[in-house]
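Below: the structure, in structure tokens.
FYI, it's all coordinate maths here, none of it is from the lab. Since the structure is predicted, the reported quantities are computational estimates derived from the model, not experimental observations. When we count neighbours, we look across all protein chains shown, and the Cβ atoms used for this are built from the backbone with ideal geometry, even at glycine.
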Amino acid sequence: MIQEPAANRTPSGDYPPLRVGPDPLARFISLSAALTGFSQAELQGTGMAQEYYNVMRSTLSEPLVGRLLLQWTLIEKLDSYLQDEYLSNTILGDETLGPMARNLITLWYLGQWWQLPVAWRQLHGANAQDTTRVVSAQAYEEGLVWVAMGVHPQGAKQPGFGSWALEPAPLPEKAT
Amino acid sequence: MPTPITTKAQLLDHLQLALELEHATIPPYLCALYSIRDGSNTQAASVIRSVVMEEMLHMTLVANLINAIGGQPKVNEEKFVPNYPTFLPEIVHKFIVDLQPFSPGAIQTFLSIEQPPGLRPAAAEPADDDRYGSIGEFYVAVQAGVNFLSEKGKPSIFTGNVQRQVRPEHWYYGGGGHALIVTDAESACKAIEEVVEQGEGVTGALFDDDRKDGSDTYELAHYYRFKEIELGRCYLQSDTPESGPRGPELLVDWESSYPMTINPKVRDFAAVPEIQALMQEFNRLYTTLLDVLHHAFNGQPQLLRDAVPLMYELKYRAQALMRIPWRDGRTAGPSFELTR
Amino acid sequence: MSIHPGGQPDGEYDVIIIGGGVIGALIAQKLTAQYKRVLILEAGRAVGSTFPSYQSYVETFYASIPKTPNAPYPQNPKAPSPLAIDVHNITPGTPDLSDYTVETGPLPYGSTYQRALGGTTLHWMGFCPRMVPNDFKLQSTYGRGVDWPIDYDDIKNYYCDAEWAIGVAGNKADQERFGITFPDDYDYPMERIPLSWSDQQLQRYIDGEVVIDGAEHPVEISSLPHARNSIPRPLAARGGKAKGTGSYQPVPAVGTQSTGERCEGNASCIPICPVQAKYSALKTLNQLPEERHTLLTQAVATELLVAANGRIDGVVYKQYPNESTPDFLVAPVTVKAKLYVLAAHAVENAKLLLASGPNGLANSSDQVGRNLMDHPFFITWALAPRHLNLGQWRGPGATSEIPNFRDGAFRSERAATRIDVGNWGWDVATFPPDSNINAFVYGQNLYGPALRNLIADELPRQLRIGYVLEQLPESTNRVTIDRNYMGPLGTYRPVLHYDISDYTRAGMAFAWKLSDAIFDKIGIPRDQIFTQFDENSTGYMPYTPSGGKQMSLAYIGSGHHIGTHRMGVQKSDSVVNRNMRSWDHENLYIVGCGAFPTSATSNPTLTASALALMAADDMLKQLG
């Protein structure tokens, strides 16, 4: 069953009228840093933070975004061990927030938004923006997956003639 | 005017200065170029890009000149790298060169750098007897020195090992021209001509008077390429310095560049270690690049191939730095500091 | 010189060439150099004929999922291309209509081509290995397939011409094996593309021998010749035909001098080289002398006309002003010349011949459309040990091959194979990195530093080896047309009938053993090898070796459409003669990979180019 898009509901609908809170872009970036394993400076360096924030806002309803960022605000200041535990349990492990958070990871790593799982869409409504797509050409070029791999995106940020014959970046210290 | 060059040692000193001079202009050009947002100011970006490519080629040509006469180009010493804001190496009139984003101020600086003889830069301090009127005049003096030292009956100054020359096959960076091998007075003159004609010009003419390989158009001298950006209009073949540009409009959007902090220094970013780490990483790569260039110019020209990936990598990292918000509405940026 | 899209015929022509791809472009270049006037009809758009329009295709590539060979080039409803996006096995008796080509099976053909100016060289990989001498005489040497009407000695000088016309980077010393020879004073116009770091690491472990079923086989990693710009050689390397001094000038991108003179390592050769360092036919077309050629784009040839004396007497084409113009508003136009050249691609050539005349043309042998082949591509994949730090995902798709199994007595029993050592991780095996994100983030619920580290650790170690397999000509593998499957502008959609015989399947089964032996040499433990196929795999096919039990194999298409109008020594069993001239119509040439009698293992474009230059010589002789 396809429900009315969550974004169209009145604040008195299923969800409490949560607001996104002060400086939501900053909250979004710090949450993204925790989710991706990249520093906030690295994320800012992609130039994509605002665009991805906009993707999140246009694809997910304000109450859902509010819930996600509020939950993050509650745990953001915890020391890293506790923060990780709460991030894992109350965001990634949450049946509403988890799929949203995983999609933010995909957004940063691939520049793609993936349509949310069917079960999630049934629960929270299907938004017309919630389609699988590359957000923009620049989003592809700035995908973090390539940075993590220590290479350039295929077809972009060319590394120059013969670069492929040179020794690559070392692998991370410990096998994971 | 400075005294003429009459000894090989003086010539080598001048050429090493030329190397420093050519290099000193590159970080300012790169900052302006990399600050331009993707897809905007495309004509201006292609002008700056073409100029900076040629400056890189000029460094290579000067290194070939030094090697041809048995010298050793030095490009990775502490004093080789300017501390911006800086004056250019003590050759020409004094004016301040900053690391800054694409802006009217940056273009004014570029005009000063590339000024043809006779056109005094507006920002310059009064003339100084030990300095040349322009970079073009400096190279005229170098050329005269080569001629003087190559006069009939004098022992050849071209005693360098030809294996140290950077050859055309060693060097390719996105269409920045071709390296010339220097082995005698004639090829030395050609190399100097290439540097001067591509760059500042000696004659003050708008266009380079020989057609480049395979190209149907005359090359506009650097100074006038920047003039086009300053004035927002292109020159026609029939235009003169006096007429100014009378061609089509050249669209410039000064707002569409990342507002990089002017003359950033790593030490200024202590408050945000994340940013500082990225700046240091940039500087480590930059230092590696200078090391690779140094080895390439000192007997291992094939290493130049490995410099190109470093140059690309520096570009992407510089662009990333320029997108990171810093203070007062400005962003971080590359500081081009030597890091050992 | 520049390419002008659209266009109208203008005056008289010596030759009409149908198809603006590499074959048509090279023929046009050779003919116009001898002051012949040429008209080129291209069905597709002038994709990339200016630098900005080419860049728009790069942007389209960035924004597309999945990044298939055709992804940068939007489908053209007036001249569609097969996309092979969702290749799946075919239910017997139910033709697969999901693509432009109709597939009746039993196996999916699974390869694409590009109908646009420049043709499939827009998204080819650019490998240019020559064929080995025995490839031209498979029947007389190994009792398999057929012999070609020419041998290596007939074509070797044309190989040199083609390598310089296209601009191939290679070292001849690396290619001199299995009887491949070069003139003493000759070498490729550019130095070989450097071997990737991954190749260099693997070389240390692979070079030597492998033992399979008790037999020793030499193996080595060797460079591949590429049609992509590298460090130029002196012009003297052209040998006897050397003109001038200085160095070969690598051809830059069309419409700019500022990029494309070197491969920049974009690692996206398929589907698009952003800097055009990889050869495409656009470069040759861009150099044609303006006054001696006309290029009509968006002009779909629909029929060849034949006169009573058997000579071709005209080409009918329909030129659509834009893709949304209704078909009935596009009027047919007839153009004439002395000679006609079909260079529209193996499948399109066959389609046009079958669609012309009351019962097809050039088909007294009944071989038009038959003997369709590809190089079924068998892939195996594994994670290399950490200490090798392969540094995958850099450089062209492959910079080396294992050439040792391209020829040998075994070819009387099973297919030969040319082995590509990949540089792009598991690419076509699992479609990373998207598949890894899916597995790591959604499957393993990883995030943060653990996710970043796993990607950093695993993806650079992904190793994929691909086995390009020989296929024999079989008359039932064919292109047909059918009134029930019509395309735009009154043209037909090609109907493909395709199967893979036990000869190739046996070669594939051997390739798998070889793969295990190679992975073993590299020191990859069994649990780090991930090759696995089942009924749901793309291109799944079972194989039962004699005396063994059934195994599951699978392949993907190589995009090497071969056969369909083969050359031969006699009219009764071939479509064209050794000069690619139709036996039935003396002023018609049918050129391209379709003329190959057998597939062998070499990527076909270089050989097709050499043949095109050979055919052009015959055209010049005919024109006088």
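Details
- Spacing of the two label points (7 Å from each Cα toward its C-beta) at C:S324 and A:S136, in nm: 2.6 nm
- The lysines whose alpha-carbon is closer than 25 Å to the alpha-carbon of C:K283, local same-chain residues fewer than 8 away aside, are A:K157, B:K212, C:K30, C:K36, C:K67, C:K78, C:K156, C:K172, C:K241, C:K243.
- Shielding of peptide B:322-329 by partners, expressed as the average count of other chain Cβ atoms within 10 Å per residue Cβ, is 3.
- Segments B:238-244, C:272-278 sorted - mean Cβ within 10 Å per residue, highest first: C:272-278, B:238-244
- In range of the label at C:N484: residues from segment C:92-127 whose backbone nitrogen is under 15 Å from the point 7 Å along Cα→Cβ: C:92-98, C:102-105
- Label-to-label distance, nm, for residues given as C:Q550 and C:Q257 (7 Å Cα→Cβ offset): 6.5 nm
- For C:G563, the amide hydrogen comes within under 5 Å of the amide hydrogens of C:M373, C:G594, C:A595, C:F596, counting only partners 5 or more places away or on other chains and with H modelled in the peptide plane.
- Contact order, relative form, for chain C: 21 percent (alpha carbon pairs under 8 Å, 6 or more residues apart, mean separation divided by residue count).
- Averaged over the residues of A:137-145, the number of partner chain Cβ atoms lying within 10 Å of the residue Cβ comes to 5.
- Proximal charge balance of C:Y340 [Cβ under 10 Å; K/R count +1, D/E count -1]: +2
- Highest-first packing order for the peptide set A:148-157, B:277-286 is A:148-157, B:277-286, based on the mean count of other beta carbon atoms within 10 Å.
- Degrees, to the nearest 10: C:346-355 long Cα axis against longest axis of chain C: 40 degrees
- Inverse of mean 1/r across different Cα pairs in the protein assembly as shown, Kirkwood, Å: 32.1 Å
- log10 of Debye I(q)/I(0), alpha-carbon scatterers only, for segment C:245-400 at 0.17, 0.20 Å⁻¹: -1.17, -1.28
- Only Lys, Arg (+1) and Asp, Glu (-1) charged, at Cβ; the protein assembly as shown dipole about Cα centre in debye: 1340 debye
- Anisotropy class of segment C:412-500 from Cα gyration tensor, a/c 1.5 cut: oblate
- Whichever aspartates and glutamates have a C-alpha closer than 18 Å to that of B:K154, once near sequence neighbours (fewer than 8 apart) are set aside: B:D184, B:E186
- Cβ-based charge dipole, the protein assembly as shown, positive-most Cα from C:W426, B:N147, B:N263: C:W426
- Considering only A:I75, A:L92, A:T132, and ranking their Cα positions along the charge dipole of segment A:69-134 that arises from unit charges at the beta-carbon of Lys, Arg, Asp and Glu, the one farthest toward the positive end is A:T132.
- Value of Rg to Rh for chain B, rounded to two decimals, is 0.96; Kirkwood radius and Rg both from alpha-carbon coordinates.
- Ranked by the mean number of other Cβ atoms within 10 Å of their residues, highest first, the peptides C:162-169, C:289-296, C:116-123, C:507-514 fall in the order C:116-123, C:162-169, C:507-514, C:289-296.
- Those aspartates and glutamates that a straight Cα-Cα span of less than 12 Å connects to C:K318, excepting residues fewer than 8 apart in one chain: C:E42, C:E303, C:D327
- Check: segment C:211-326 dipole with +1 on Lys, Arg Cβ and -1 on Asp, Glu Cβ, in debye: 520 debye
- Helical runs (DSSP H, four residues minimum) scored at -39500 (n - 2.57) apiece and divided by the length of the protein assembly as shown put the mean residue ellipticity at 222 nm at -10000 deg cm²/dmol.
- Dipole of chain C, positive end: most advanced residue of C:T181, C:N536, C:N134 [Cβ charges, Cα centre]: C:T181
- Per-residue HN-Hα couplings for segment C:522-536 [Karplus 6.51, -1.76, 1.60; θ = phi - 60°; Hz; x = Gly/Pro]: 6, x, 8, x, 3, 6, 9, 9, 10, 4, 6, 9, 9, 4, 8
- In percent, rounded to a whole number, the relative contact order of chain B is 22, using alpha-carbon pairs under 8 Å and six or more apart.
- Residue by residue along C:385-395, Cβ atoms of other protein chains within 10 Å of the local Cβ number 5 on average.
- Whole-number percent relative contact order across segment C:452-595, with pairs defined as alpha carbons under 8 Å at least 6 apart: 14 percent
- Computed from the C-beta positions of C:S435 and B:R267 and an R0 of 41 Å, the FRET efficiency is 0.40 to the nearest 0.05.
- Between C:S247 and C:L235, the built amide H atoms are under 5 Å apart, and every one of these is 5 or more places off in sequence or on another chain.
- Efficiency of FRET between C:L305 and C:Q55 - r from beta-carbon atoms, R0 30 angstrom, step 0.05: 0.15
- Most mobile listed residue (B:P104, B:P116, B:P82) in chain B, GNM with C-alpha springs under 10 Å: B:P104
- Cβ-placed point charges (K, R +1; D, E -1), dipole of segment C:498-583 about Cα centre in debye, nearest 20: 520 debye
- Anisotropy class of chain C from Cα gyration tensor, a/c 1.5 cut: rounded
- Chain lengthening between B:K315 and B:E249 when straightened (0.36 nm per residue, less Cα-Cα): 20.9 nm
- Between A:Q83 and A:Q129, the modelled labels are 2.7 nm apart [label points 7 Å from Cα along Cα→Cβ].
- Percentage of interatomic Cα-Cα distances in segment A:120-171 larger than 19 Å: 49 percent
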